[in-house]
Amino acid sequence: MSKNRELKEQAVAEIVEKLKNAQSTVICSYSGLTVAQVTELRKQCRENDVQYCVLKNRLVARALAELNITGLDDLLNGPNAFVFGMKDPVAGPKVISDFIDKNKLESLKIVGGLLGAEAVDVKTISHLASLPSREVLLAKLLGCMSNTVASFVRVVDAIRKQKEETAA
């Protein structure tokens, strides 16, 4: 087997692992981004535990085929960047959307992506980007639970006081 083929197979295997482990994947069409813009985007991705990669479309197509994921073939043309949200499905879409909005970019566009192993459109990615992060949702849940527990404690205390008054 030729060295070039081995390298391509290794690259496809790495892409397969990223796709398997990612909770969300955003496919972005980019052209005309400056080096400074790409550097800033990569920095924001790192800060949010998101992986930003420029990958060859053919290799991504092979990885998708290996995973039996369909529906993205039309998106795999031209220069594409892939954003993998490994821990939080909202993080990748949020970072990219915020970066596009903040910099008013027309040279970077979300064209689609994956939620788990399911192909999704731009509208779904935009909806994900509008959701609060996992940490915020957990904090809200904890707040609701603590309010419920506090209310329960007050009710039990009121019942206890009522029983004490009745017994006395």
Here the tail fraction of P(r) beyond 16 Å, over all Cα-Cα pairs of segment 62-168, rounds in percent to 70
Counting only backbone N atoms under 13 Å from a point 7 Å out along Cα-to-Cβ of residue 3, the residues of segment 58-97 in range are none
Here FRET efficiency (C-beta to C-beta, residue 98 to residue 166, R₀ 45 Å, nearest 0.05) is 0.15
A chain fully extended from residue 136 to residue 77 at 0.36 nm per residue, minus the present Cα-Cα distance, gains in nm 17.7 nm
For the chain, the longest principal axis of the Cα atoms and the Cα long axis of helix 57-66 enclose an angle in degrees, to the nearest 10, of 60
With every protein chain in place, the accessible area of residue 27 for a 1.4 Å probe, in Å² rounded to the nearest 10, comes to 0
Interchain or sequence-distant (5+) residues whose placed amide H lies within less than 5 Å of the amide H of residue 116 are 24, 25
Expected unfolding gain across residue 86-residue 155 under the 0.36 nm per residue rule, minus the alpha-carbon gap, is 20.6 nm
When the charge dipole of segment 90-168 is computed with +1 on Lys and Arg Cβ and -1 on Asp and Glu Cβ about the Cα centre, the Cα farthest towards its positive end, among 138, 95, 114, belongs to 138
Surpassing 20 Å at the alpha-carbon level, of the pairs 18/87; 20/102; 104/140; 20/87; 56/94; 43/104, are 20/102; 104/140; 56/94
Note, segment 5-13: 3J(HN,Hα) by Karplus (6.51, -1.76, 1.60, θ = phi - 60°), whole Hz, Gly/Pro = x, goes 5, 4, 5, 5, 5, 5, 4, 4, 4
accessible surface per residue for segment 1-120, probe 1.4 Å, DNA/RNA/ligands not counted, whole Å² -> 55
Probe 1.4 Å, all chains present, heavy atoms only: residue 145 accessible area in Å², nearest 10, is 110
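The values are calculated or read from the model by the stated rules, or taken from the named source; none is laboratory data. What you see is a predicted model; the values in this text were computed from it and never measured. Glycine also receives a Cβ, built like all others from the backbone with ideal geometry; neighbour counts cover every protein chain displayed. In case anyone asks, the SASA skips ligands and DNA or RNA and just uses the protein heavy atoms, side chains included. Shrake-Rupley method; radii C 1.70, N 1.55, O 1.52, S 1.80 Å.
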